[in-house]
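Asker: For reference, the structure I am asking about is given below.
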Amino acid sequence: MKLKLAGFFATVLLLVSPCLAQDSVVTRVDDYIKLEQDLGRIPGVSLAVVRNGQVILAKAYGLANVEHQVPVKPETIFQSGSVGKQFTATAIMMLVEDGKLSLEDRINKYFPDAPAAWQNITVRHLLTHTAGTTDYPNDFDFRKDYTEDELLKRAEGIPLAFQPGEKWSYSNLGFVILGILIHKVSGQFYGDFLQERIFKPLGMTTARIISEQDIVPNRSSGYVLVNGELKNQGWVSTSLNTTADGALYLTVYDMAKWDAALYGERLLKKTSLENMWTPVKLNNGKTEGYGFGWGVNEVHQHRIIEHGGSWQGFKSHIARYPDDKLTVIVFANLAQSNPTRMAHNVAGLYEPELAPQPPKLIRDKDENIAALAKRVWQQLIEGSLDSSLFTQESLAEISRNASVVREALKSYRPVKSIDLIERSEQNGRRLYRYRLALDKASSMRSGLGNDLTLSYVLVLTTEGKIAALRIQPQ
């Protein structure tokens, strides 16, 4: 039987304590992830929910490989993207505990040929994205194989964006430098260090550095939407898939073992872990919600320690709620997917107090735009788009997606309310984001309840034509 991309999802379920309440939550999770998958045209999603260090839900939806129609399993391997930064940070802290370096060490101690501008950069600055190092520059060649020395020289040639400790600015290059530092201090390539000190001790049997040459069982493929059409991920060089800013293969089971270890002292002392999860303090005394390879924040006074990742057609997120002993892990194989939103919303299904804050409504000054939004929605659902309302470029893409939207929302038709939550303008284009509430229109089972809230976005040109239309779960 042929497997279909939209709507098909295979499930593998592990329940520690089966009960009616758990079954109800799982149904709601299924319906929510399926809606994200269908509206976002996401080929595959792998999800795990971990409570008190134990997996209470491990499920997979959709396809790991579209061309061969291979379904996702919880054992399916995804690319980590920047979720890998937390492992790099842990390796650094292990070396700190080993007495081989200090967080306050200036990095020119280890890189004596570093430029003078780097003289005040410490290991702590690199871990917290406050060193002033930048992201990859626009002219960076991702198809060139670099040695570590060449990568370091390339980074050294880029001027600092600000003085160390002055600001917070996300820097992949900073973590590339940390990977080179791990090699220099330990004598091991950082990937081998992770394998020996973290992956093997924790039984993370499928965790490893990316290699497109090796035979890797259960490896998924990454995808990107280009003008509404699904394409394979772009290619990058071998060496750039081994850097410490996030180049790992992981499954949700690997991540569950990692999460469990973070509640004890199997890897690091408690003081080291708390250091990693403490918001960084800038030179002016203000703090930013980032520690060492982890974002740190609060949701309704509940702590959240989290990080996302994006690389080569893959997206990932781990959201840890330590006060609630709850963790949600999401991997997806589409560049435009939003596993951060998925992780947060799934957490809210298990613990309502963790649900994301609903957006604030703003006054809608232009009733004509609101009327246009309602009109286009009705046309979309009825399959009768008025081509005169759209730019030529957007019409083709929106028309291709219309049938997917209609299928995904077939049990939700009448508009209960439409409220403006964002209005902005850039380069002459106006963006209007609405909170769209729909009533249930049929007797079809759905764990989402009797109504549904969506984010509904219109982007208009200066002539008032629709240049983009996006619909996502709220």
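The values are calculated or read from the model by the stated rules, or taken from the named source; none is laboratory data. Since we're looking at a predicted model, the values are computed, not measured. With ideal geometry, Cβ positions are generated from the backbone for all residues, glycine too; neighbour counts draw on all protein chains shown.
Asker: Quick check on region 76-114: of everything there that is in a loop (DSSP other than H, G, I, E, B) and hydroxyl-bearing (Ser, Thr, Tyr), which residue is surrounded by the most Cβ atoms within 10 Å (Cβ to Cβ)?
Answerer: Here the answer is SER80.
Asker: Among the residues of region 257-271, which ones are surrounded by fewer than 18 Cβ atoms within 10 Å (Cβ to Cβ), touching a residue at least 40 places away in the same chain (Cβ under 8 Å) and more than 21 Å from VAL328 (Cβ to Cβ)?
Answerer: ARG266, LYS269
Asker: I would also like to ask the following. Those residues that are in a loop (DSSP other than H, G, I, E, B) and crowded, with 24+ Cβ neighbours inside 10 Å, I need them from region 43-75; list them, please. Before the answer, list the steps.
Answerer: Going through region 43-75, the residues in a loop (DSSP other than H, G, I, E, B) turn out to be 43, 52-53, 66-69, 72-75.
Result: PRO43, VAL72.
Asker: Which of the residues belonging to region 132-168 are of a type in the set (Lys, Arg), under 14 Å from LEU240 (Cβ atoms) and surrounded by 14 or more Cβ atoms within 10 Å (Cβ to Cβ)?
Answerer: Listed by number, the list holds a single entry, ARG154.
Asker: Of the residues that make up region 274-291, is at least one within 30 Å of ILE42 (Cα to Cα) and surrounded by fewer than 18 Cβ atoms within 10 Å (Cβ to Cβ)? Walk me through it before giving the result.
Answerer: First, the residues of region 274-291 that are within 30 Å of ILE42 (Cα to Cα): 289-290.
Checking the rest, the ones that are also surrounded by fewer than 18 Cβ atoms within 10 Å (Cβ to Cβ) come to 289.
Yes: one or more hits.
Asker: For PRO352, only one of the following conditions fails: (1) under 19 Å from VAL457 (Cα atoms); (2) surrounded by fewer than 18 Cβ atoms within 10 Å (Cβ to Cβ). What is its number?
Answerer: Only one criterion is unmet by PRO352, namely (1).
Asker: Mind listing whichever residues of region 115-143 are in a helix (DSSP H, G or I) and either more than 19 Å from TRP294 (Cα to Cα) or touching a Phe, Trp or Tyr at 6+ places or on another chain (Cβ under 6 Å) (or both)?
Answerer: Residues satisfying the conditions are ALA116, ALA117, TRP118, LEU127.
Asker: Another question, if that's okay. Looking only at region 393-408, filter to residues that are in contact with a strand residue (DSSP E or B) (Cβ under 8 Å, 6 or more places away or on another chain) and within 21 Å of LEU438 (Cα to Cα); which one of those is surrounded by the most Cβ atoms within 10 Å (Cβ to Cβ)? Step through it out loud before you land on a result.
Answerer: Applying the first criterion (in contact with a strand residue (DSSP E or B) (Cβ under 8 Å, 6 or more places away or on another chain)) to region 393-408 yields 393-394, 398, 400, 405.
Add one more test, that the residue is within 21 Å of LEU438 (Cα to Cα), and what stays is 398, 405.
Numbers: ILE398: 21, VAL405: 18.
Here the answer is ILE398.
Asker: Now for a different question. In region 289-407, which strands (runs of 3 or more DSSP E) lie fully inside it and hold 1 or more residues that are free of Cβ contacts under 8 Å to residues at least 60 places away in the same chain?
Answerer: Answer list for region 289-407: 295-299, 302-311, 314-321.
Asker: Taking into account only those residues within region 221-243 that are in contact with a strand residue (DSSP E or B) (Cβ under 8 Å, 6 or more places away or on another chain) and of a type in the set (A, V, I, L, M, F, W, C), which is nearest to ILE180 (Cα to Cα)?
Answerer: Restricting to residues being in contact with a strand residue (DSSP E or B) (Cβ under 8 Å, 6 or more places away or on another chain) and of a type in the set (A, V, I, L, M, F, W, C), the top hit is VAL224.
Asker: Another one. Specify the residue that is surrounded by the fewest Cβ atoms within 10 Å (Cβ to Cβ); the eligible residues are those in region 372-384 that are under 18 Å from TYR432 (Cβ atoms) and aliphatic (A, V, I, L, M).
Answerer: Going through the qualifying residues, I end up with LEU372.
Asker: So is LEU431 surrounded by 12 or more Cβ atoms within 10 Å (Cβ to Cβ), touching a residue at least 24 places away in the same chain (Cβ under 8 Å) and closer than 30 Å to THR27 by Cα or not?
Answerer: Working: surrounded by 12 or more Cβ atoms within 10 Å (Cβ to Cβ): yes; touching a residue at least 24 places away in the same chain (Cβ under 8 Å): yes; closer than 30 Å to THR27 by Cα: no.
For LEU431, the condition - surrounded by 12 or more Cβ atoms within 10 Å (Cβ to Cβ), touching a residue at least 24 places away in the same chain (Cβ under 8 Å) and closer than 30 Å to THR27 by Cα - is not met.
Asker: Another question, if that's okay. Report, by residue number, each residue of region 201-229 that is outside any loop (DSSP other than H, G, I, E, B) and surrounded by 14 or more Cβ atoms within 10 Å (Cβ to Cβ).
Answerer: Listed by number, the residues that qualify are LEU202, ARG208, ILE209, ARG219, TYR223, VAL224, LEU225.
Asker: Give region 318-345 a look and list any residue that's surrounded by 24 or more Cβ atoms within 10 Å (Cβ to Cβ) and β-branched (Val, Ile, Thr), or say none.
Answerer: Answer for region 318-345, where residues must be surrounded by 24 or more Cβ atoms within 10 Å (Cβ to Cβ) and β-branched (Val, Ile, Thr): ILE318, THR327, VAL328, ILE329, VAL330.
Asker: Then there's this: Would region 225-242 turn up any residue that is without any contact (Cβ under 8 Å) to a residue 24 or more places away in the chain, out of contact with any Phe, Trp or Tyr (no Cβ under 8 Å at 6 or more places or on another chain) and of a type outside the set (Gly, Ala, Ser)? Full working, then the answer.
Answerer: Within region 225-242, the subset without any contact (Cβ under 8 Å) to a residue 24 or more places away in the chain is 226, 231.
In the following step, the residues that additionally are out of contact with any Phe, Trp or Tyr (no Cβ under 8 Å at 6 or more places or on another chain) were identified as 226.
Subset that is of a type outside the set (Gly, Ala, Ser): 226.
Scanning region 225-242, I find at least one residue that is without any contact (Cβ under 8 Å) to a residue 24 or more places away in the chain, out of contact with any Phe, Trp or Tyr (no Cβ under 8 Å at 6 or more places or on another chain) and of a type outside the set (Gly, Ala, Ser), so the answer is yes.
Asker: Additional query: List the pairs whose first member sits in region 201-215 and is under 17 Å from ALA244 (Cβ atoms) and touching a residue at least 60 places away in the same chain (Cβ under 8 Å), whose second member is part of a strand (DSSP E or B) and polar (S, T, N, Q), and whose Cβ atoms are under 8 Å apart, counting only residues at least 6 apart or on separate chains?
Answerer: Sorted first by the residue in region 201-215, then by its partner, the pairs are ILE210/GLN79.
Asker: Among the numbered criteria (1) within 30 Å of ILE121 (Cα to Cα); (2) crowded, with 17+ Cβ neighbours inside 10 Å; (3) modelled with pLDDT under 95, which single criterion is violated by SER237?
Answerer: If we test SER237 against (1) within 30 Å of ILE121 (Cα to Cα); (2) crowded, with 17+ Cβ neighbours inside 10 Å; (3) modelled with pLDDT under 95, just (2) comes out false.
Asker: Go through region 409-425 and report how many residues are loosely packed, with under 13 Cβ neighbours inside 10 Å and either farther than 17 Å from LEU438 by Cβ or β-branched (Val, Ile, Thr) (or both).
Answerer: Total satisfying the criteria: 2.
Asker: Only one of ILE418, ILE398, ILE369, ILE381 is within 30 Å of VAL299 (Cα to Cα), modelled with pLDDT under 90 and among the β-branched types (Val, Ile, Thr); which?
Answerer: Numbers: ILE398 fails: within 30 Å of VAL299 (Cα to Cα); ILE369 fails: within 30 Å of VAL299 (Cα to Cα); ILE381 fails: within 30 Å of VAL299 (Cα to Cα).
One residue alone meets the criteria, ILE418.
Asker: LYS410 is checked against (1) at pLDDT below 90; (2) in a helix (DSSP H, G or I); (3) not aromatic (Phe, Trp, Tyr) and fails just one. What number does that condition carry?
Answerer: (2)
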